[in-house]
Every structure is written in C-alpha cells, then in structure tokens.
Amino acid sequence: MSSSPLSATEIDALLRLLDDDTPAVRERVTERLAGTGGDLSAWFAKHPPRLSPTETELLTDILRPAKRETLAHLWEVAITGRAKVGDLDWPEIEPLLALLSEYLHDGITPRAPMGAALLQLATHAREAGVTDEMELRKYLFVTLAFKGNQEGYHDPRNCDLAWSIAGRRSNPIGLCLIYLLVARQLDLKVEGVAFPGHFLCRIHPEGVPIIIDCFNDGQIHFQDVLLEPESDLSRQQRSLLHKTAAPGTMLVRVLNNLAAAFQAAERKPDFQLIQQLRATLQDS
C-alpha cells in the first residue's frame, strides 16, 4: 500500500481512469486507490459522484482489498490476540460491530458511521417521548417501520448496522441489535435471545417476560404462553427461550451470518477474512 497521501486532484484523475482496462493503468489505479484504506466517502461527500453503474462496481471492487486489510489490522488491535467470547461485554462489542459496519460499507456513499446513527436514533426516540422498552419497540417497529429484509435476507449488508438504520431493514439479529443498542443509550433493558434460526429480544414490562420478534414488525409474544405444554416448541427451543444471549454470543452469530453470506455469494477473500476474525474468539 502506498504511503503517500492522495490529493483531491489525483483522486479525480484516478476516477476518470476507472474504465481504462489497460493492465498497467488498472494496476496503477488500484495501487493508488488502495492508499485510501478503502474509503472515499468523505471525498464523495464534497464531490458528488459522477460515476456510471459500471464505474461504481469497478471502484467498489478496487476498494475491497484495502478494506479487508484495514479491518484485519484494526480487529487485531482491538482484540489483541485471542479473546474469550464470554469475557466480551458491550463496551468491547460495539467497537467491533462498528469495524464490521465500516468494512461492509461500499466506501463511496456518504453516510453517518454506526455510532452516530445509533446516537441520532436514540436522540429522536427520546425527543418522541420514549421512556420504556415497550414504547421503544413501538417507535422503532411501528412509527419508523423498521422491518425484516425479506427480499435480501442473506445480503451481507444486513450485518452493517449503519446501512440497516439508513434503510430501516435487516435480518433478525441486525434488527435485534439496533433495538438493544438504542435501548442501552436510553438506559433501558432489552435482552437478546439466541433462538435457533431467528434471533429474538426480551423485555420485562412490570416484571412479565415478553418476547419481541423484531424481524416481524416487533410482534409481541408472552414468554409464558410460548412455553405452555401445548405449544409446538422443541426442548432445545424452550431451553434457549429461557436464556439471555451474552454480547459475545451475539457477535459470533453476526460473524457466522456474515461468513455464510459471503460463502453463498462466492466472495472467497471476504469469507476467509471473516473466518480469520472468528478464530480470534475463543468459545470458552
């Protein structure tokens, strides 16, 4: 990766060469743009993109290797070797989720980073009069209409919480994380439930355990009703419904989902990187 910074003039010149398929030119463009760390969004915020769809796709592909390198380095700094999943709490998990969010960003579209997006969401919820977990559920999944990404269920971007907040859609654990992390900023208590194949949340209004299905419009289910003998839940599902997912367990689930998404999309370098990151987390 080149150590010399890119000027605005050089970036503009490099972008004009995106569709030049001459090997020497393509190599030089790739080499120089790698010096951005994989992110040109700040530049595009000041210079609205004039890229065709083909050029946008080419630029995204060119930026990916630098993004992988950046994530691998920053993750190693954050984890400092290997960490036990059970020892990780939210102060450690949130920065790691933010790293994944930046890595999954296309590096082109200007946007607020994950932390700022969560803070803004919490601020607006507070201004809307949200004071408890049930009101926050209604605000996110009814008023703002956050919903399950049915059409793009396996899209890797579901693991990018900044993208999910902007589009108000994600997979089950992505929506649960948004609910939980916004609740933390409001000093409210929302728990994760590692239900097989469909992550859920739990709240306790007036001491009553209630399950929230964030993927399906924040649907409410009384936990005691789900655990009644006549329900069709398996023994494993009943057991997990009783438990609260630890923050580290939720991070592992995000990584597993992301690895599966990259594998299905045949993005081998990205898949291998996520496997590498997963290996830094010890299950016990």
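Values quoted throughout were computed directly from the atomic coordinates according to the rules given, and no laboratory measurement underlies them. In this text the structure is predicted, and so the values were computed from the model without any measurement. Ideal geometry is used to build each Cβ from the backbone, glycine not excepted, and the neighbour counts take in all protein chains shown.
Rounded if a/c is under 1.5, else prolate if a/b beats b/c, else oblate: with a ≥ b ≥ c from the C-alpha gyration tensor eigenvalues square-rooted, which is region 222-272?
The shape class here is prolate.
Reachable lysines from Lys268, Cα under 17 Å, same-chain residues fewer than 8 places away excluded?
Output for Lys268: Lys67.
For region 159-202, what does the alpha-carbon gyration tensor say about shape, rounded, prolate or oblate, given a ≥ b ≥ c as the root eigenvalues, a/c under 1.5 as rounded, and a/b over b/c as prolate? Don't skip to the end; give the middle numbers.
Numbers: a/c = 2.89, a/b = 1.03, b/c = 2.81.
The shape class here is oblate.
Given the convex hull over the Cα atoms of region 82-282, what projected area results after averaging over all orientations, in nm²? Can you show the working numbers first?
Working: hull surface 47.2 nm².
So the Cα hull casts an average projection of 11.8 nm².
Of all DSSP beta bridges in the chain, what percent run antiparallel (nearest 5)? Write down the numbers at each step before the final one.
Numbers: 11 of 15 bridges.
Bridges in the chain are about 75 percent antiparallel.
Set Lys and Arg Cβ to +1 and Asp and Glu Cβ to -1, take the dipole of the chain about its Cα centre, and tell me which of Leu186, Leu100, Asn158 lies farthest positive.
Leu100
Return an integer: the convex hull volume of the alpha-carbon atoms of region 1-160, in Å³ per residue. Please report the intermediate quantities before stating the final value.
On the way: hull volume 27.7 nm³, N = 160.
Roughly 173 Å³ of hull volume per residue.
I'd like the FRET efficiency for Leu233 and Ala45, computed as 1/(1 + (r/R0)^6) with the beta carbon distance as r and R0 of 35 Å, rounded to 0.05. Could the numbers behind the result be given before it?
Details: r = 49 Å, r/R0 = 1.39.
The pair Leu233/Ala45 has a calculated efficiency of 0.10.
What is the magnitude of the charge dipole of the chain about its Cα centre, with +1 placed on the Cβ of each Lys and Arg, -1 on the Cβ of each Asp and Glu, and no other charges, expressed in debye to the nearest 20? Don't jump to the answer; show the numbers that get you there.
Numbers: 29 positive and 38 negative charges, 33 e Å.
Here the chain has a charge dipole of around 160 debye.
When the Karplus curve 6.51 cos²θ - 1.76 cosθ + 1.60 is applied with θ = phi - 60°, which whole-Hz ³J(HN,Hα) does each residue of region 12-27 get, with x for Gly and Pro?
4, 5, 5, 5, 6, 9, 4, 8, 7, 8, 4, x, 5, 5, 4, 5
Rounded if a/c is under 1.5, else prolate if a/b is larger than b/c, else oblate: which is region 150-235, with a ≥ b ≥ c the root eigenvalues of its Cα gyration tensor? Before the final figure, lay out the partial values.
Values: a/c = 2.70, a/b = 1.38, b/c = 1.95.
Verdict is oblate for region 150-235.
Semi-axes of region 1-65's equivalent ellipsoid from the Cα gyration tensor, sqrt of 5 times each eigenvalue, largest first, rounded to whole Å?
Values: eigenvalues 49, 46, 24 Å².
Gyration-tensor ellipsoid for region 1-65: 16, 15, 11 Å.
Counting helices only, and only those DSSP H runs with n ≥ 4, report the 222 nm mean residue ellipticity of the chain as the sum of -39,500 (n - 2.57) divided by its residues, in deg cm²/dmol to the nearest 500. The partial results should precede the final answer.
Working: 13 runs with 150 residues, N = 284.
The helix-only estimate for the chain comes to -16000 deg cm²/dmol at 222 nm.
How far apart, in nm, are the 7 Å Cα→Cβ label points at Thr280 and Glu151?
Rounded to a tenth, the inter-label distance reads 3.5 nm.
Where in region 31-73 is the amide nitrogen less than 18 Å from a point lying 7 Å along the Cα-to-Cβ axis of Asp21?
Answer for this model: 52-62.
Lysines near Lys243 by alpha-carbon distance under 30 Å, same-chain residues fewer than 8 away left out - which ones?
The qualifying lysines are Lys84, Lys138, Lys147, Lys189.
Quote the FRET efficiency, to the nearest 0.05, computed for Arg126 versus Ser7 with a Förster distance R0 of 51 Å and r equal to the Cβ-Cβ distance.
Numbers: r = 42 Å, r/R0 = 0.82.
E between Arg126 and Ser7, to the nearest 0.05, is 0.75.
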